[in-house]
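Student: Next up is a structure, given as structure tokens.
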Amino acid sequence: MTARPTLDALTSTADLRRMSDRSLACLADEVRAEVVEAVATTGGHLGSSLGVVELTVALHAVFDTPRDKIIWDVGHQCYPHKVLTGRRDRMHTLRQEGGISGFTKRSESEFDPFGAAHSSTSISAALGFATGRDMGMETGDAIAVIGDGSISAGMAYEAMNNVGAEGRRLFVILNDNEMSIAPPVGAMSKYLSGLYAGPVGQMHKMAEGFEAALPGPLRDHAKRARQLVTGAVGGQGTLFEQLGFSYVGPIDGHDMSQLLPVLRAARTRATGPVLIHCCTVKGKGYAPAETSADKYHGVAKFDVATGAQKKSKPNAPSYTSVFGKALTEEATRDPSVVAVTAAMPSGTGVDIMARQFPSRVFDVGIAEQHGVTFAAGMAASGLKPFCAIYSTFLQRGYDQIVHDVALQNLPVRFAIDRAGLVGADGATHAGAFDIGYLAALPNMVVMAASDEVELMHMVRTAAEYNEGPIAFRYPRGEGEGLEMPERGEVIEIGKGRIVQEGTDIALLSFGAHLGECRKAAQRLEDAGQSVTIADARFAKPLDHALLRQLVRHHKVVVTVEQGSQGGFGAMVLHYLANEGLLGTSCQLRTMTLPDRFIDQAAPDAMYADAGMTAVDIAAMALQASGADLKAKVPQR
């Protein structure tokens, strides 16, 4: 083999397949340093990417990429993959406006065969590619790389069950960073090095002999590790084997002398589905990440030498923390208040409640479907569950919202974080659709907080509402810096509020774009218009009296929401049309996110791309009123 020991000499992944094993190990060290330097500049998912550096190098060195398809589950561990697949010179643009995505993305590279940012999709997609190959499509092997958290989700088990039934050749790499394994390197390496050199045989024989061939103490440790992950008991085989997989492992996912022979042997011998269990360390090779509580899962820009993150000091509490504190206040007063989260306790703020009431906060793992129905069951029992899930992830539990919550009119409280456009995570994490998909459901109450004080009011309102399901949405990031009450107030269901009264143009905001409406109102007033600002608070039920008042007393009404078409504005149009209030002297316009996905950028830039700035709002209002735009609209 020709050694190419430096990353600078790499021209394609084909070069990896001509390198010596020792050179590949050296290359992995370079890739790790490259990832650290890149994320220090941009921020992003560092720990998960550092944990798969050796695995990434090994996969590209063994498999014929891009013909063979590596499918990264979630994709937040794909930074080493991007370095190796022609995007090294663009890593400084990671998660930036106009730059490369923080996840895999089909439009970005032929080495990204399947886009991801939500978990537990990789095995299903891999089976799709394997089926295409077997039906004559121009594709090679399919390799799904899935984490121990993601593989616990229902979709992954559904996929594994189908894979086992189909029996097609594909590979699942279980990236297990929750369980450490530190076997004697010499003994493990000696056994593994013989796997590829030995005669070609059936994969299941290799799997069966894996533990048996190890020395006693090492064999016992491997067996315990295997049982912890798979739930295997007695002689019944692992869960994966019961589903039809050949199971190999666990192996050290940072040791090239283990990874390479196992992957080579698997690629040579497999005729059906194979699961290879790799134990890795999140944040591996960068001390600040390895010693951090969260292993630097998601980081801001940081100093490489010290690991110190360069986080700006917030001007106001985040909406997430306001929710968490308000929920804890309600839980203090009412022992029936409980919280459910799907693997995001700190991301949703329920960790605040968990510190005070640990037995009343339930983390169900990456299992939104289960979490919603679990909350429904608790509601049916008489508890008051708050189901706290990001908007983008709540989509995954929609059937359960319909069938298990709304249909039965159960009082589950949905706390919907990350509503609207969220910044660097881009289109996959945008909370664009929840207004429409929730407001369409009978029995559902749908609220949106215009600021942090309103969020406190909505937490209290939801806690005391027991007539059926209720949801409230709020954005990522800081609040408006308002003075906070000790406790929220109960809002009358279906009742909006007038924030400012005028006579010409009415801006009717639903949610956290109220601040932008205030700025637009100032521009309109500078253009000689008298402006009413109203906070709808509710998309369902609508405040019919408020709507009638606005259309009867203004020449223009503009609805504004941080959501897709088919949401609040559509509900308003539907009501006014049926009441015969459209086509009167009042012109009605709706402002929503456009009918396209918006790539990552700073949230303000994303809303500018969406045409939803204060300037855009003012321009639409003046256009509807027939005013001379050039003469009267102050420009950006």
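Student: For a protection proxy built on the mean count of beta-carbon atoms within 10 angstrom, sort 448-455, 113-120 highest first, please.
Tutor: The packing order, highest mean first, is 448-455, 113-120.
Student: Need one number: % antiparallel among DSSP beta bridges in the chain, to the nearest 5.
Tutor: Close to 15 percent.
Student: In addition: Taking the convex hull of the alpha carbon atoms in the chain, what volume per residue do you get, in Å³?
Tutor: Considering the Cα atoms of the chain, their hull volume per residue is 176 Å³.
Student: Okay, moving on. Semi-axes of the equivalent ellipsoid of the range 319-473: what are they in whole Å, largest first, if each equals the square root of 5 times a C-alpha gyration tensor eigenvalue?
Tutor: Largest first, the range 319-473 gives 20, 18, 15 Å.
Student: Here's another thing I want to ask about it. Can you compute the helix-only [θ] at 222 nm over the chain? Use -39500 (n - 2.57) per DSSP H run of at least 4 residues, normalise by all residues, nearest 500 deg cm²/dmol.
Tutor: The per-residue figure over the chain is -11500 deg cm²/dmol.
Student: I need the peptides 321-327, 612-618 ranked by packing, meaning the mean over residues of other C-beta atoms within 10 angstrom, with the highest value on top.
Tutor: With the highest mean Cβ count within 10 Å placed first, the list reads 321-327, 612-618.
Student: Efficiency by 1/(1 + (r/R0)^6): what FRET value for ALA300 and SER585, r their Cβ-Cβ distance, R0 = 56 Å, to the nearest 0.05?
Tutor: 0.65
Student: Using alpha-carbon pairs under 8 Å, 6+ residues apart, how would you state the relative contact order of the chain in percent?
Tutor: Averaging sequence separation for qualifying contacts and normalising by length gives 11 percent for the chain.
Student: Between GLU525 and ARG106, what length in nm is gained on full extension when 0.36 nm per residue of separation is reduced by their alpha carbon distance?
Tutor: Extending this stretch completely gives an extra 146.2 nm.
Student: What list of ³J(HN,Hα) values in whole Hz, one per residue of the range 344-356 in order, does the Karplus curve 6.51 cos²θ - 1.76 cosθ + 1.60 (θ = phi - 60°) give from phi, with Gly and Pro shown as x?
Tutor: Values, residue by residue: 10, x, 6, x, 9, x, 6, 4, 5, 5, 4, 5, 9 Hz.
Student: Here is a follow-up. For the ranges 157-166, 264-273, what's the packing order if you count other beta-carbon atoms within 10 Å of each residue, average per peptide, and put the highest first?
Tutor: Most protected by this proxy first, the peptides run 264-273, 157-166.
Student: Also, I was wondering about something else. What's the local net charge at ARG460, with K and R +1, D and E -1, over the other residues with C-beta under 13 Å away?
Tutor: Local charge sum for ARG460: -3.
Student: Which shape class, rounded, prolate or oblate, goes with the range 1-159 when its Cα gyration tensor gives a ≥ b ≥ c as root eigenvalues, a/c under 1.5 marks rounded, and past that a/b bigger than b/c marks prolate?
Tutor: Oblate is the answer for the range 1-159, as a/c is 1.5 or above yet b/c matches or exceeds a/b.
Each reported figure results from applying straightforward, stated rules to the coordinates on display, with no laboratory input. What you are looking at is a predicted structure, and each value in this text was computed from that prediction instead of being measured. Please note: Cβ atoms are built from the backbone with ideal geometry, for glycine as well, and neighbour counts cover all protein chains shown.
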